[in-house]
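Report on the following structure.
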Amino acid sequence: MFTGIVKELGTVALVERSDDGARFEIGASFADDLATGDSVAVNGVCLTVTNRQDGAFNADVMNQSLGLTSLGSLQQGSRVNLEPALRAGDPLGGHIVQGHVDCTGEVTALTADGIAIRFAISVPERYRRYLVEHGSVTVDGVSLTVALLSDDGFEVSLIPETLERTTLGSTQKGDKVNLEFDVIARYVERLLGLRDPEGTTDA
């Protein structure tokens, strides 16, 4: 489990691709604290550490993840948002994030808004029901608050600190971003769908 609070910007040191998927080597200052089998969110995607060396870790990515997220476009030298898994006693600074990306969205506009930059992001229609104004959403692994709902998605407003500490600071109009919606919305939808006309559940 994660919180959507990015620990650091990492750098993709190596990408090995094959018909079976891809292997990434990612440089991170906290790599020496990781062990094989640990989870790390990379641009919001939960990956498993398969190996580590001084200042870097390796992770394998299956074809499904490459196709459903923006990880398929990563190259050597790409910068990525990194967050190690939440440990007992760590502060929950963002919101509950699983690292299970629902879909990608497209940045359709960037607008200055005082000290902040406002991002407009389009979302596939089937996922828009999980968005609520002032609710939580994860964009490339960053926990953000929905500032406004729009006909085709939502808007978020990013302060300079977030822009500086994450890859969102270099995001451009037309870029694809990984989106994970609040897991609570999914459970509520599922439970309501199981209710019978008398108000009880089938489960």
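Here are a few things to note about the model shown:
- Look at the alpha carbon pairs under 8 Å that are at least 6 residues apart: their mean separation over the length of the chain gives a relative contact order of 23 percent.
- HN-Hα J in Hz across segment 170-186 - Karplus 6.51, -1.76, 1.60, θ = phi - 60°, x for Gly and Pro: 10, 5, 10, 4, x, 5, 8, 10, 7, 10, 10, 8, 4, 4, 4, 4, 5
- Residue of Asp140, Asp19, Asp175 that the Gaussian network model of the chain assigns the largest fluctuation, springs spanning Cα pairs under 10 Å: Asp19
- GNM top mover of Arg23, Arg87, Arg165 - the chain, alpha-carbon springs below 10 Å: Arg87
- Computed [θ] at 222 nm, deg cm²/dmol, the chain (DSSP H ≥ 4; -39,500 (n - 2.57); rounded to nearest 500): -3000 deg cm²/dmol
- Between Glu133 and Asp54, the modelled label-to-label distance comes to 5.5 nm, taking each label 7 Å out from Cα in the direction of the beta carbon.
- Normalised by the number of residues in segment 8-84, the average gap of Cα pairs under 8 Å and 6 or more apart makes the relative contact order 39 percent.
- With R₀ set to 22 Å, the beta-carbon distance separating Ala35 from Leu92 gives a calculated FRET efficiency near 0.45.
We did not get these values from a lab; they are worked out from the coordinates using the rules stated. For clarity, every value in this text was computed on a predicted model and none was experimentally measured. Because the Cβ atoms are built from the backbone with ideal geometry, glycine has one as well, and the counts that use them run over all protein chains shown.
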